1. Would you check if there is a residue in the stretch 496-515 being at positive phi and in contact (Cβ under 8 Å) with a residue 40 or more places away in the chain?
2. Return a yes/no flag: does the stretch 27-50 have any residue that is within 27 Å of Thr142 (Cα to Cα), in contact with a Lys or Arg (Cβ under 6 Å, 6 or more places away or on another chain) and at pLDDT 95 or above.
3. With (1) over 36 Å from the mean Cα position of the chain (by Cα); (2) assigned to a helix (DSSP H, G or I) as the list, and Ile584 as the residue in question, which single condition is left unmet?
4. Somewhere in the stretch 110-123, is a residue surrounded by fewer than 19 Cβ atoms within 10 Å (Cβ to Cβ), touching a Lys or Arg at 6+ places or on another chain (Cβ under 7 Å) and not β-branched (Val, Ile, Thr)?
5. Which residue out of Asp9, Asp3 is in contact with a helix residue (DSSP H, G or I) (Cβ under 7 Å, 6 or more places away or on another chain) and either farther than 20 Å from Arg116 by Cα or surrounded by 13 or more Cβ atoms within 10 Å (Cβ to Cβ) (or both)?
6. State which residue pairs qualify: first residue charged (D, E, K, R) and inside the stretch 290-305, second residue in a helix (DSSP H, G or I) in any location, beta carbons under 6 Å apart, and separation of 6 or more residues or different chains.
7. Where residues in the stretch 663-681 are among the aliphatic types (A, V, I, L, M) and touching a helix residue (DSSP H, G or I) at 6+ places or on another chain (Cβ under 6 Å), which of them is farthest from Ala815 (Cα to Cα)?
8. In the stretch 137-156, is there at least one residue being basic (Lys, Arg), surrounded by fewer than 20 Cβ atoms within 10 Å (Cβ to Cβ) and either under 45 Å from the mean Cα position of the chain (by Cα) or closer than 19 Å to Arg91 by Cβ (or both)?
Amino acid sequence: MIDIRVSLDSVGYTSKPPDSEVGKISNRIGGAVQVLNCPASYYEFVQKVGGQGYTFSPATFENGVRAQNNFQQMQLLVLDFDGAVSHKDIRDRAIKYKLPILFTYDTFSSEEGNERFRVVFLNDAPIEDKRGAKILKNALMTIFPETDKTDTDISKMYYGGKSCRYYNPEHRTVTPESIIIGMNNYLYETRGPTHHKKYLKSFADKHGIRLNESGLLDTSNTGNQTKGVGKSSDGKNSPNSIIFSKGNGEILPNATKNYFQIHLRDDCTNISVVKRQPKNHSEYRSSTIKEFHRYCQLFREFESGERRPNHHERFGIATNIVPVETGIEVFKNILSKHPGYYDDSKYKRWVFYLKYIKESEYNPQSCNSFCPYDSTCNHSTNILLTAKPKSGTIERLANYEEVFHSIEEVEDDLLQNIEKAIDSKDPMMHIIKCQTAAGKTRAYLELMKRSALKFLIAVPTNKLKEDVHGRAVKDSIDVIMTPSLDEIKDQMPGEIWSHINHLRNTGQHSKVNQYICDMAEVENVKCLKEYLKKQQAYEEHHGHTITTHRRLLSMSEKALSHYNVIIVDEDIILSSIASNQCEIPISLLKRILKQLTKSNYKEPIRYKLALKIKGILKKIESEYLLKLTGFEWNVDKDSHDGNEKEEDDGISALTDIPSFCLAEHFIYRKASEEKNLSEDSIVFLKPWKFKKVKYIMLSATADKDICEYCFGKHNVKFYECKTAKYKGTLNQYYDKSMSRSCIDSNPGILDKIKERSGFQNMITFKAYRRNDMYFGNAVGCDHLKGKNIDVVGTPYRVDFLYKLLPFSIGLNVKADAKMKSCLVTHNGYRFCFTTYGDEHDVLRKFHFWMIESELEQTVGRARLLREDCRVNLFSNFPLRQANLMKSDY
């Protein structure tokens, strides 16, 4: 229901008031504002004016004084007819030109055969510009030329009448748009296609309106404008345009704010006709209409005749289809297919509308302003942008809504979900997805402190391990860290670290501990002695433990059984599974095979290795994704005859033979097809296995589908925590992809960004890094908390990496799948993005998960949820809660 403000006198009359009363009425009415805000108040107003002789003015006035200079607003438009036309003719004409009447009433001088009456239209929103009010009033007087020609004063008051002749209880509205279109249509039909523009020019000259190149009034319909659109610094309308706000009217209760704009002449340059750049062809090609079928239910029903859309719905479709090449013909053909709905007169009128929309260069109407399926359809701003977003744009889905909760609710929900997972008896993977900075570390430390259960906490990095340990000690929690050789690598002699690293990289993990013991004793390496002491202390410790993801994966089921609760902090799939790759050049495989053949070993394990290498060399002749049987490599076991140990022929030192033997899925990389690859190779993920215990993973970037793929659908329980609105601000500049190639082709762009933002901190690709933090090395870092950050880049990886994980876990992956520009829907946005296949393609899921995880982790370093700071993200992959904008960098 629209609230209407009118000026209504407090006295009713049974006949036209005498001249002596006119001044009194005028004085009273200027300050007598009546607000109509419900059906009862509408009806009461109509009855008072139409049947009880109450004088009213459709306008309200400043200072309570009725005068044009004091005009505030008006929403009712009134026409006065004094006997030149019948009431029926006016109503029929209003219906014909889609201008619904609110009510009509007979004046006191009306007689049979000499009808005198007034017609009242309800605009969909208050008209706050007096010049705009005069334009609309005169446009109506053009459509209804029989009206009183002297009735041009927008502050005029109208005497009441003796009877209400018509009242529309549905309170349907007109709009500035429908009035201007109605005037065009009326002139077109009454003056003819050739001469009607002469009358439009006269109307334009009278009101100072600019014409477009087609000779029509230069108007535009716009949506989603900011407050104050078209306003000058003093809050008044711009001298070059009049902005009419579009109300909800009869259409949809959830319609967003839209505007209709009339462009005025530029008095300084005397421009009366706007010049536009000629276009070689339509912005949208004919193929776009195929996408209308795919995305728009209303269009499908309109085309098939399954449903007859009302005028407003058809007009909305028309504004979206006219910009398409052949769109007008398609629309006309649909009308012709259904003559039962659209007879010859309706068809001709729609021919005019289509012509008008095209010549006016009408903007496509937004779906939420006309479509009945707005709340259920997965759409962008309008049908065109839903079917085919413009390159370099991101459209917010109109019916997508994020629900936010208070930070206290988010913290409580997170804690409750952790407790549910702890209480669960299911030995499975419990995945709890929660926002960055939601307080997951605080939550599990609180549980460790007050619970009698024994916790094992696994975090992605040694640095984060130390941070969490420090917080736990500060809270007086009995906790120990697992020691790490990586933490002391700079303290030991270079040749010792080099050998340790070599043993680990070649899968000879069983030899590492013995070598450390030998070096600690023989070479008296102090840091190694200290490491062994810490290792012994860890093994003898009976309290809580904090370790890393990698170490967790290597722990035995027996070791894990000592703990009641195993918390995996952050996404272990991305940090320690997908990233744990091994690559072996084809030349090295051939060298190993040659060495195996030369040594002529007959032991089964070496024979199996030779067969596996031969199988790979055979498969790469025709295949890209390679699958072979895995087996365990153990040169320390007795040989096949059970009497002697196998001799070490040096093969184990060449690459990670144990992982190679266990692996079953390989990808063949060709140097001829990859820019930075020096020679052909095969790559695989080092095999991993989660023990049969209960894990609880807490992550801001966990994806339910990915987790079910990796751990098994029936081995995952997923918890989605409530979310809160950022305290800080995330601005996303999306007009450039900011991929590595984009940055390379825009020299100096990082310096320009830094100069413009003035931020000291930037996170981008490793090759362009400005500090020790970059994509792939930002998870868990907290030293940028509350700092302003520029995050620059869309972190694409090499193509094979998106196939390696899904292929390794047995998913169906197309070997020849290539990335291409696709229209995608994600995070409540519709946009074009270079990715794989259709939306159901598993490769796209893995691609989006990896990119989004990296961006969320880097943006999360500022802790926007709790800190009032700013992150500028330069990427064409939209994140939730981002303010999307284009840059001028």
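1. The answer is yes; a qualifying residue exists.
2. Checked against the condition, which is being within 27 Å of Thr142 (Cα to Cα), in contact with a Lys or Arg (Cβ under 6 Å, 6 or more places away or on another chain) and at pLDDT 95 or above, the stretch 27-50 yields no hits at all.
3. All conditions pass for Ile584, except number (2).
4. No, every residue in the stretch 110-123 fails to be surrounded by fewer than 19 Cβ atoms within 10 Å (Cβ to Cβ), touching a Lys or Arg at 6+ places or on another chain (Cβ under 7 Å) and not β-branched (Val, Ile, Thr).
5. Asp9
6. Note: pairs meeting the criteria are Glu291/Ala387; Arg300/His293; Glu303/Ile334.
7. Residues of the stretch 663-681 that are among the aliphatic types (A, V, I, L, M), as a first pass: 663, 667, 671, 677.
Pick out the ones that are also touching a helix residue (DSSP H, G or I) at 6+ places or on another chain (Cβ under 6 Å) and you get 667, 677.
Working: Ile667: 9, Leu677: 19 Å.
Among those residues, the one meeting the criterion is Leu677.
8. no
The values are calculated or read from the model by the stated rules, or taken from the named source; none is laboratory data. These numbers were taken from a predicted model, which means no experiment stands behind them. Counting neighbours? That spans all protein chains shown, and the Cβs are built from the backbone with ideal geometry, glycine included.
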